[in-house]
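Engineer: Quick one: this structure, given as structure tokens, is what I'll be asking you about.
The values are calculated or read from the model by the stated rules, or taken from the named source; none is laboratory data. Just so you know, these numbers come straight off a predicted model, no measurement behind them. With ideal geometry, Cβ positions are generated from the backbone for all residues, glycine too; neighbour counts draw on all protein chains shown. To get the accessible areas, we keep the full protein, side chains included, count just its heavy atoms, and leave off ligands, DNA and RNA. Shrake-Rupley method; radii C 1.70, N 1.55, O 1.52, S 1.80 Å.
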Amino acid sequence: MSSNGSFKSEYGHFTEDGREYVITRPDTPKPWVNVISNGDYGFVVSQAGGGYSWRSHAGLNRITRWNQDLVRDADGRFLYLRDEEGGEFWSLAWQPTQPDYEHFECRHRQGSTEFTSRRAGIEARWRLSVAPDAPLEIWLVTLRNLGTKPRRLSLFSYLEWLLGAAPDWHREFHKTFIETSFEREGNVVLATKCNWEPPILENSHWNINWPYVAFHSASHEIAGFETDKQAFLGQYGSPVNPQALRDAGLQGITGRWGDAIASLQITLDLAPAAEETAVFVLGAADDRAQAIDLAKRFTQPPVAEAALAQTHADWQERTSRLHVESPDPALNLMTNNWLIYQVISCRLWGRSAYYQTGGAFGFRDQLQDSLIFLLLGQPELTLAQIRLHARHQFVDGGVHHWWHPLPALGGEKEIESGVRTKISDNRLWLCYVMACYLEETADFSALDLTEPFVDDPAPHSLWEHCLRALNLALDSFGPRGLPLIGGGDWNDGLNAVGVQGKGESAWLGHFLFGLLTDFANYAERRGERSLSQRYRKSAAALHEAINEVAWDGEWYWRATNDQGELLGSHLNTEGRIFLNAQTWAILSNTATNERATQVWGSLEKWLLKDYGPLLLYPAYHTPDSAIGYLSRYAPGVRENGGVYTHAATWALLAACRLGLREKAYDIYRRICPPLRGLEPELYQGEPYVTPGNIDGPDSPSFGRGAWTWYSGSAQWLLRVTLDGLFGLQPTVDGLCIAPCLPPDWKSCRVKRYFRGSLYEIEYRDLSGTKLRLTLDGNPVDGDTLPLPTRPVHQVVLRLE
């Protein structure tokens, strides 16, 4: 990394340690955001100051209003600074007033965002974070007088209360249920809502209270407050130039008869060169007393500073559990910092972002995300996620496609609302993640842990849960001997292909074959020989069907629809070849060596483009009601002929399995965000997190990244980096090492936990092909390290 920052563009750069991205211009090509959460409370904030806050569920328990508009990015939590002598005011983030700063920075890092600006002789520093163990966000605002005369300054906050399910598009209806008040004792505005609309019990429709008390408070004496939008903005006014800051002041209106907001005014007197820090907090408490207590506690500057420091320390500890040192600084900073943060803070905790707002758990989504904890040496957290998802399975093996976690109501246990669909792969990811857990830990006793089914409260072992999923898949085959695709498999956009119960999925066949092979081995280990033999027989029949029926001559076709027509075949003019049917033929070993080579050649020829491998080619230009909404996306966008980053990581892993060292690394670099961020006007997405998709060649914006943050690609890119490129593959018998790194790398290092021990692995020479290993100075036969016997092991690897 250079001394002036890393991967610098006209919009910003990484800091030397890679932990922060510094945005130096607020007008980035698209909003560049941070998703900050403690697992309960969270918020999103953009480099311009846009965003929203929530507790527990970003869709059903939204605290502040926000409209998804990535062009304007004009809704958020705002702070204004007003010079009380001349009356001039501006916002501390770029929105909403878009001031002409003399200096501007926005620093996104793990757990916080910081805005720094200079204007009119005042330096302002605004730090935002969440308390590590409380349902609130903290705003630390430091003002410094750069001039030679005293300054009297006022800070005004502004946010709009939502308090419930978002978006509240029928605002004239919803605003009538919100009640605001001001408690002078705690310098706090409180807001409640006597109507909440969660998708649960029938009698809850517009007939239960929102179960929280929202609060907004400040550390200094309140010079004024407002909870009425019209009084603050003025009729036909806007946050750009609010009436209250121009002349009217804050009128102190509360109650249930306006459009509810929260605004607090505090005043600071600064001598020349002096600075002062104020604290604002925003949160949602369980009751009024807790709200006041939290407001009093966290508006104390030492408490707020300590909370911010603890949040940073917590993220430092989380990310330090995995570390790489390689010749590639982009790979280093993504692996050591940003991918871990993206998965945990956004995908697992927040479950929401800018391109996709939500809050639900996806059955397959968060299961795959939880694999990150295996890489971090915390397999118990992966197991906890497995158990959570097992509780969302039905007796017949089917599962909720997604479900909403909702808070307890009236002292009852947590209530959840889920949806079961005809999507066919969801249930099998329970088996896949369970297999990953077993290979990582060899903890086969976990299979005997019990969880209920959705429709059966009796305890059932995790082994039985997995078998129910596999057996339902085996009972759902079509006439070609391939699994039925149902309402879609991994690709939700193929939602019409098999909705009538006739369409079949070749990709699902590849995936299921690998699982049957694994669980046949596990059944044998458990002494269930008849089950093992059944699964081996089913796997063999499936292997034969895939290679006899689904082989298209140069690649595997993707699926058949209910009418018996092929998708992903050379016979198609659109959607002629699909990525996943090729990569998983390699990953699940359904392709012979010869066919694997042929499949990869077809993948490179038709799918591998400048910015990564396309999900399919060519894109669909005409909507096809026999395929589904995938064909209705604009050509080249998302799954319709774009680079779908989640699937692109599987192509990278497939290249590693084939030993294609230069090609695997080349694919990594084509999709690596810091490298793509060097062309910000083309790429547009944040350079520090993975996008869900990149536009393909059929789009006029070929190479544009979108759907950032909330993407399953983050966990997979991290996993593929460790398992694929660095070749650290956990097995029941030990850690197998099969690196697929560029031969011209002179050396690199990895620190990774395995079975409770830390392995410090040094790659000293990668120029050859013959693997040489030593463990604590002793030669190791083969490619699998012996099981750990001490807290730290030293491994040296050479390819001679």
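Engineer: Considering only region 554-574, state which residues are within 17 Å of Asn491 (Cβ to Cβ) and either surrounded by 24 or more Cβ atoms within 10 Å (Cβ to Cβ) or of a type in the set (A, V, I, L, M, F, W, C) (or both).
Structural biologist: Listed by number, the residues that qualify are Trp555, Tyr556, Trp557, Arg558, Ala559, Thr560, Leu566, Leu567, Gly568.
Engineer: Would you mention how many residues in region 294-336 are open to solvent by 10 Å² or more (accessible area, probe 1.4 Å) and within 30 Å of Leu741 (Cβ to Cβ)?
Structural biologist: Here the count works out to 12.
Engineer: Further, regarding this structure: Among what's in region 237-257 and is closer than 24 Å to Thr97 by Cα, assigned to a loop (DSSP other than H, G, I, E, B) and not polar (S, T, N, Q), pick the residue that is modelled with the lowest pLDDT.
Structural biologist: Gly249
Engineer: Of everything in region 41-66 that's touching a Leu at 6+ places or on another chain (Cβ under 8 Å) and aliphatic (A, V, I, L, M), which residue is most open to solvent (accessible area, probe 1.4 Å)?
Structural biologist: Only one residue fits best here, namely Leu60.
Engineer: Follow-up question, since we're still on this one. Would it be correct to say that Glu524 is among the charged types (D, E, K, R), touching a helix residue (DSSP H, G or I) at 6+ places or on another chain (Cβ under 8 Å) and open to solvent by 50 Å² or more (accessible area, probe 1.4 Å)?
Structural biologist: So Glu524 fits the description; yes.
Yes or no, residue by residue, for (1) part of a loop (DSSP other than H, G, I, E, B); (2) within 19 Å of Tyr432 (Cβ to Cβ); (3) β-branched (Val, Ile, Thr):
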position	(1), (2), (3)
Arg468	no, yes, no
Asn471	no, yes, no
Asn495	yes, no, no
Phe513	no, yes, no
Ala539	no, yes, no
Leu542	no, yes, no
Ala545	no, no, no
Ser569	yes, no, no
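Engineer: Where in region 130-236 are the strands (runs of 3 or more DSSP E), entirely inside, with at least 3 residues that are in contact with a His (Cβ under 9 Å, 6 or more places away or on another chain) and closer than 29 Å to Ser117 by Cα?
Structural biologist: 151-164
Engineer: Next question, about the same structure. Residue by residue through region 348-367, note down the ones that are within 25 Å of Ala446 (Cα to Cα) and either open to solvent by 10 Å² or more (accessible area, probe 1.4 Å) or under 11 Å from the mean Cα position of the chain (by Cα) (or both).
Structural biologist: Of everything in region 348-367, those that are within 25 Å of Ala446 (Cα to Cα) and either open to solvent by 10 Å² or more (accessible area, probe 1.4 Å) or under 11 Å from the mean Cα position of the chain (by Cα) (or both) turn out to be Leu348, Trp349, Phe361, Arg364, Asp365, Gln366.
Engineer: Being in contact with a Ser or Thr (Cβ under 8 Å, 6 or more places away or on another chain) and crowded, with 20+ Cβ neighbours inside 10 Å is the filter; apply it to region 442-475 and report the residue that is nearest to Val497 (Cα to Cα).
Structural biologist: Ala473
Engineer: Further, regarding this structure: Considering only residues that are open to solvent by 60 Å² or more (accessible area, probe 1.4 Å) and acidic (Asp, Glu), look in region 772-787 and name the one that is farthest from Gly727 (Cα to Cα).
Structural biologist: In this case the residue turns out to be Asp781.
Engineer: Restricting attention to region 79-136, which residues are under 26 Å from Phe215 (Cβ atoms), free of Cβ contacts under 8 Å to residues at least 60 places away in the same chain, of a type in the set (Asp, Glu) and open to solvent by 40 Å² or more (accessible area, probe 1.4 Å)?
Structural biologist: Within region 79-136, no residue meets the criteria.
Engineer: Does region 274-290 contain any residue that is surrounded by fewer than 17 Cβ atoms within 10 Å (Cβ to Cβ), part of a helix (DSSP H, G or I) and in contact (Cβ under 8 Å) with a residue 60 or more places away in the chain?
Structural biologist: Within region 274-290 (the criterion being surrounded by fewer than 17 Cβ atoms within 10 Å (Cβ to Cβ), part of a helix (DSSP H, G or I) and in contact (Cβ under 8 Å) with a residue 60 or more places away in the chain), the answer is yes, since at least one residue qualifies.
Engineer: Which residues, counting only those in region 589-607, are surrounded by fewer than 24 Cβ atoms within 10 Å (Cβ to Cβ) and farther than 14 Å from Ala651 by Cβ?
Structural biologist: The answer is Asn589, Thr592, Asn593, Glu594, Arg595, Thr597, Gln598.
Engineer: For region 334-385, give me the residue count where each residue is of a type outside the set (A, V, I, L, M) and outside any helix (DSSP H, G or I).
Structural biologist: Qualifying residue count for the region: 13.
Engineer: Only one of these conditions is not met by Thr590: (1) part of a loop (DSSP other than H, G, I, E, B); (2) over 30 Å from Leu447 (Cβ atoms). Which number is it?
Structural biologist: Result: Thr590 fails condition (2) only.
Engineer: Could you tell me whether any residue of region 238-248 is among the basic types (Lys, Arg), touching a helix residue (DSSP H, G or I) at 6+ places or on another chain (Cβ under 9 Å) and either open to solvent by 40 Å² or more (accessible area, probe 1.4 Å) or in contact (Cβ under 8 Å) with a residue 40 or more places away in the chain (or both)?
Structural biologist: No; the residues of region 238-248 include none that is among the basic types (Lys, Arg), touching a helix residue (DSSP H, G or I) at 6+ places or on another chain (Cβ under 9 Å) and either open to solvent by 40 Å² or more (accessible area, probe 1.4 Å) or in contact (Cβ under 8 Å) with a residue 40 or more places away in the chain (or both).
Engineer: On to the next question. Having 1 or more residues that are open to solvent by 10 Å² or more (accessible area, probe 1.4 Å) and farther than 23 Å from Glu325 by Cα is the bar; report the helices (runs of 4 or more DSSP H) wholly within region 656-762 that clear it.
Structural biologist: In region 656-762, 680-683 are the helices (runs of 4 or more DSSP H) which contain 1 or more residues that are open to solvent by 10 Å² or more (accessible area, probe 1.4 Å) and farther than 23 Å from Glu325 by Cα.
Engineer: Going by the structure shown, is Tyr644 closer than 18 Å to Tyr355 by Cα, open to solvent by less than 10 Å² (accessible area, probe 1.4 Å), modelled with pLDDT of 95 or more and aromatic (Phe, Trp, Tyr)?
Structural biologist: It is false that Tyr644 is closer than 18 Å to Tyr355 by Cα, open to solvent by less than 10 Å² (accessible area, probe 1.4 Å), modelled with pLDDT of 95 or more and aromatic (Phe, Trp, Tyr).
Engineer: Show the residue pairs meeting these rules: Cβ distance below 7 Å; 6+ apart or different chains; first residue within region 301-314 and under 14 Å from Thr142 (Cβ atoms); second residue open to solvent by less than 50 Å² (accessible area, probe 1.4 Å) and part of a helix (DSSP H, G or I).
Structural biologist: The qualifying pairs are Ala304/Phe298.
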